[in-house]
Amino acid sequence: MPGVGFFGMLVIGLVAGYIAEKVTASDHGLFTNLIVGIAGAFVGGTLADVLGIQVYGFLGLLVTASIGAVILLFVWRKVTGR
């Protein structure tokens with residue numbers, strides 16, 4: 001996540017993981033939300049890059065990370081059968 005710094009990345013990861021948790025009706029802890037949010041930021045950022053979508057600012061990164069985290073949890077549920 002360019003331009004947000006380490007602590008900004010943590011905040012975006014936590015919030016994106018929390019949003020994905022609520023959207024997918026999951027029940028995770030704080031650490032799991034952080035991991036899912038950061039991994040979701042990678043997935044969402046890669047997907048936006050492939051689609052040619054430019055993402056700017058805190059809100060844009062948050063939306064991208066949240067979408068990526070929801071996709072990540074959806075795929076995880078399909079793979080594990082939960």
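Starting with the highest mean, order 34-45, 18-29, 70-81 by the number of other Cβ atoms within 10 Å, averaged over the residues of each peptide. Each step should come with its number before you reach the end.
Values: 34-45: 22.1, 18-29: 15.1, 70-81: 13.2.
Going by the mean number of other Cβ atoms within 10 Å, highest first, we get 34-45, 18-29, 70-81.
What are the DSSP H helices in the chain that stretch 24 Å or more along their long axis, judged by alpha-carbon atoms, and whose average Kyte-Doolittle hydropathy comes to at least 1.6?
For the chain, where a helix must reach 24 Å along its axis and average at least 1.6, the hits are 30-51, 57-80.
Using the beta-carbon distance between K78 and V11 and R0 = 41 Å, what value does 1/(1 + (r/R0)^6) give for FRET efficiency, to the nearest 0.05? Walk me through the numbers before you get to the answer.
Working: r = 29 Å, r/R0 = 0.70.
Step by step, r from the Cβ atoms, then E = 0.90.
Relative contact order (percent) for the chain, with alpha-carbon contacts under 8 angstrom and 6 or more residues of separation? Show your work: numbers first, answer last.
Values: 120 pairs, mean separation 28.9, N = 82.
Taking the mean separation of contacting Cα pairs over the length of the chain, I get 35 percent.
Where a number appears in this text, it was derived from the coordinates with a stated rule and is not lab data. As the structure is a prediction and not an experimental result, all values here were calculated from the model. As a convention, Cβ positions derive from the backbone with ideal geometry for all residues, glycine included, and neighbour counts pool all protein chains shown.
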